[in-house]
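Colleague: The structure that follows is given in the form of structure tokens.
The values are calculated or read from the model by the stated rules, or taken from the named source; none is laboratory data. Note that the structure is a prediction, hence the values are computed from the model and not measured. Quick reminder, even Gly has a Cβ in these numbers, built from the backbone with ideal geometry, and neighbours come from all protein chains shown. Side chains included, ligands, DNA and RNA excluded: accessible areas come from the protein's heavy atoms. Shrake-Rupley method; radii C 1.70, N 1.55, O 1.52, S 1.80 Å.
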Amino acid sequence: MRHDHLLSAKQLSRGDIEALLDRAAEIAADPGAVAGAHADTLLALCFFEPSTRTKMSFDAAMKRLGGDTVDMGGVESSSVSKGESLADTVRVVEGYADALVLRHPSEGAAKLASEFADLPVINAGDGAGQHPTQTLLDLYTIRENAGLEDLTIGIMGDLKYGRTVHSLAHALTNFEANQHFVSPESLRLPRGVRYDLHEAGANVREHTEVGDVLGSLDVLYVTRIQRERFPDENEYRQVAGEYRIDAALLEAARDDLTVMHPLPRVDEIAADVDETDHATYFEQAHNGVPVRMALLDSLL
Ligand code: NCD
């Protein structure tokens, strides 16, 4: 990859993506081949927001490459609670590690960090902005299950605040995917994201009912309503629970439909979907390790 930092999916060309996914597939097939490749490398994990998968899979990926991690810990237990600025935290961490993975509630935080840091910064989610490493594992999962050529994908749920959606939609323009966005009116894609997609020549349609497109989809990517980003709890309650899929609804889908979700799920995918052949979200989460190994291997 040509970049020292991974801040946004917009940085990634089709060639970058294909090279990383190919490398991830090689690593998944033979993880032992890279077991000691990055001994003595330290990866800093700075998570200013909750995380299970992203943080643990970066931790696992670095350790499986032979390196180790240093973890800032929760915001409450770090100096952030004493009022330290992000710029200062980053300048300190730079002396402790070789690369930095950052998750932060503010959009643009990773870009800001990259301006102060003399080490590669990886954006692990910046507010409602971007989440490019989730996108890489999403693309890997799509490629394995449905293929990235002639893809018709439905992306459903919180399109306004969902950073995984913003990154994925942009990356899919590299593959000329047909993208159907399904959400309540109040959670449509933000104007800026729609503009960027349009500029990138994306093939986009918007819907309020998943039933209108379900039968034509190769992949249905379901997302959680991002409760923590609603300025008003009442606004959240109006849309909570409205967009939900279950096994009965999926009877109208193609047999080979791949159902994905970045996780965590709340109630937007009923548990009975887990028993169907459509369910791919746990496999998707597992793919985070080889994909992040490939990314670290390329950045370091
Ligand atoms: C996502 C995130 O943090 O944006 N989680 C993840 O990294 N897998 C999705 C979410 O929180 O809904």
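Colleague: Could you run through segment 158-174 and say how many residues are more than 10 Å from the ligand (Cβ to nearest atom) and either at positive phi or aliphatic (A, V, I, L, M) (or both)?
Modeller: The number of residues fulfilling the criteria is 5.
Colleague: So, residue 56, is that one within 19 Å of the chain's Cα centre (by Cα), under 17 Å from residue 292 (Cβ atoms) and open to solvent by 60 Å² or more (accessible area, probe 1.4 Å) or not? It would help to see each step written out before you state the result.
Modeller: Numbers: within 19 Å of the chain's Cα centre (by Cα): yes; under 17 Å from residue 292 (Cβ atoms): yes; open to solvent by 60 Å² or more (accessible area, probe 1.4 Å): yes.
So residue 56 passes the test.
Colleague: Could you tell me how many of the residues in segment 33-67 are more than 12 Å from the ligand (Cβ to nearest atom) and assigned to a helix (DSSP H, G or I)?
Modeller: Selection size over segment 33-67: 8.
Colleague: While we're looking at this one, here's another question. Of all residues in segment 251-276, which are of a type in the set (A, V, I, L, M), within 14 Å of the ligand (Cβ to nearest atom) and surrounded by 22 or more Cβ atoms within 10 Å (Cβ to Cβ)? Explain how you work it out, then say what you get.
Modeller: We begin by selecting, within segment 251-276, every residue of a type in the set (A, V, I, L, M); these are 252-253, 257, 259-260, 263, 266, 269-271, 273.
Keeping just the survivors that are within 14 Å of the ligand (Cβ to nearest atom) gives 260, 263, 266, 269.
260, 269, listed by residue number.
Colleague: Do you know which residues across segment 128-157 are more than 23 Å from residue 56 (Cα to Cα) and within 16 Å of the ligand (Cβ to nearest atom)?
Modeller: Selection gives 155, 156, 157.
Colleague: If you check 144, 185, which single one turns out to be in contact (Cβ under 8 Å) with a residue 24 or more places away in the chain, among the acidic types (Asp, Glu) and out of contact with any Gly (no Cβ under 7 Å at 6 or more places or on another chain)?
Modeller: Working: 185 fails: in contact (Cβ under 8 Å) with a residue 24 or more places away in the chain.
So the residue among 144, 185 that is in contact (Cβ under 8 Å) with a residue 24 or more places away in the chain, among the acidic types (Asp, Glu) and out of contact with any Gly (no Cβ under 7 Å at 6 or more places or on another chain) is 144.
Colleague: I want to confirm something. Restricting to segment 277-289 and keeping residues that are closer than 15 Å to residue 258 by Cα and open to solvent by 40 Å² or more (accessible area, probe 1.4 Å), which single residue is farthest from the ligand (Cβ to nearest atom)?
Modeller: Looking at residues that are closer than 15 Å to residue 258 by Cα and open to solvent by 40 Å² or more (accessible area, probe 1.4 Å), I get 277.
Colleague: Test residue 81 against the stated conditions and say whether it is open to solvent by 20 Å² or more (accessible area, probe 1.4 Å) and either assigned to a helix (DSSP H, G or I) or touching a residue at least 60 places away in the same chain (Cβ under 8 Å) (or both).
Modeller: Details: open to solvent by 20 Å² or more (accessible area, probe 1.4 Å): yes; either assigned to a helix (DSSP H, G or I) or touching a residue at least 60 places away in the same chain (Cβ under 8 Å) (or both): yes.
When the stated conditions are applied, residue 81 passes them.
Colleague: Considering only segment 232-250, I want to know if a residue exists there that is at pLDDT 95 or above and within 23 Å of residue 150 (Cα to Cα).
Modeller: yes
Colleague: Quick check, is residue 76 more than 16 Å from the ligand (Cβ to nearest atom), over 20 Å from residue 164 (Cα atoms) and open to solvent by 10 Å² or more (accessible area, probe 1.4 Å)?
Modeller: yes
Colleague: A further question follows. Of all residues in segment 140-157, count the ones that are surrounded by 24 or more Cβ atoms within 10 Å (Cβ to Cβ) and in a loop (DSSP other than H, G, I, E, B).
Modeller: Counting residues in segment 140-157 that are surrounded by 24 or more Cβ atoms within 10 Å (Cβ to Cβ) and in a loop (DSSP other than H, G, I, E, B) gives 1.
Colleague: Within segment 4-27, which residues are more than 30 Å from residue 228 (Cα to Cα) and open to solvent by 50 Å² or more (accessible area, probe 1.4 Å)? Break it down into steps so the answer makes sense when it comes.
Modeller: If we filter segment 4-27 for residues that are more than 30 Å from residue 228 (Cα to Cα), which is where we start, we get 4, 13-27.
Correct list: 4, 14, 18, 19, 22, 23, 26.
Colleague: Follow-up question, since we're still on this one. Return the residues of segment 88-127 that are within 16 Å of the ligand (Cβ to nearest atom), open to solvent by less than 20 Å² (accessible area, probe 1.4 Å) and not in a strand (DSSP E or B); say none if nothing qualifies.
Modeller: Selection gives 109, 110, 127.
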